[in-house]
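K.L.:
Okay, handing you the structure first.
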Amino acid sequence: MLHEVLVYPNKILKQKSLPVEKFDEELHTLLDDMYETMVAKNGVGLAAIQIGVPKRVLVINIPLQEEEEAQPKENTIEVINPELIECNGKTKYQEGCLSVPGYYEDVERHKEVKFAYQDRNGVRHETETDDFLAIAIQHEYDHLEGKLFIEKLSILKRKKFEKEWKKRNSKK
Ligand code: CO
């Protein structure tokens, strides 16, 4: 089922998400719905809180290049109760977010991330990454803590963003 994605400055997005304890049918439906919603919106990642569910659940799907179906379901990483174990180095990447539609800006992140998580059956996994997944997991993890990428901007850039955002939304 498709869900509506909450958009900044919706206060629900500031909520801290709670750990998942039951790996049941309800969780599986949530994961399937999140995948559907993310792909419909052409997103590469989605946190449950973005559809109003305060649970530590993320889906990430990095599009394949030159494929007809660029985001097949089997390529989705379902991340439940993630822990960032180790973060190293620095990198900058132009980020966007389905909760801040149409806005893209460079954000500084760690280059390498080692993280642990559970899958939809509660099985624990550990992954080390230094490519786009490293950026995505840091961005999505922030959602679980109630943070958006615009909070990482410099004061100047943030002010500019707020001005543009107000202007754009008053036109509607
Ligand atoms: Co986001």
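The values are calculated or read from the model by the stated rules, or taken from the named source; none is laboratory data. All figures in this text were calculated on a predicted structure; none of them were measured in a lab. Protein only, heavy atoms only, side chains kept; ligands, DNA and RNA dropped before computing areas. Shrake-Rupley method; radii C 1.70, N 1.55, O 1.52, S 1.80 Å.
K.L.:
Would you mind working out the accessible area per residue for the chain, using a 1.4 Å probe, and quoting it in Å²?
P.N.:
Dividing the accessible area of the chain by its residue count gives 59 Å².
K.L.:
Something else about it: Taking the radius of gyration and the Kirkwood hydrodynamic radius from Cα positions alone, what is the Rg/Rh ratio for the chain, to two decimal places?
P.N.:
Rg/Rh: 0.95.
K.L.:
Which percent of the accessible area of the chain is formed by carbon and sulfur heavy atoms (probe 1.4 angstrom)?
P.N.:
49
K.L.:
Restricting to the range 11-170, what percent of DSSP beta bridges are antiparallel, rounded to 5?
P.N.:
Antiparallel bridges make up about 95 percent of those DSSP assigns within the range 11-170.
K.L.:
Which lysines, on any chain, are close to K166 with Cα under 23 Å apart, when same-chain ones fewer than 8 places away are left out?
P.N.:
K11, K14, K41, K147, K152, K157
K.L.:
Residue-wise, which Karplus ³J(HN,Hα) couplings in Hz belong to the range 88-98, taking 6.51 cos²θ - 1.76 cosθ + 1.60, θ = phi - 60°, and x for glycine or proline?
P.N.:
Rounded to whole hertz, the list is 9, x, 9, 8, 10, 8, 7, 9, x, 7, 4.
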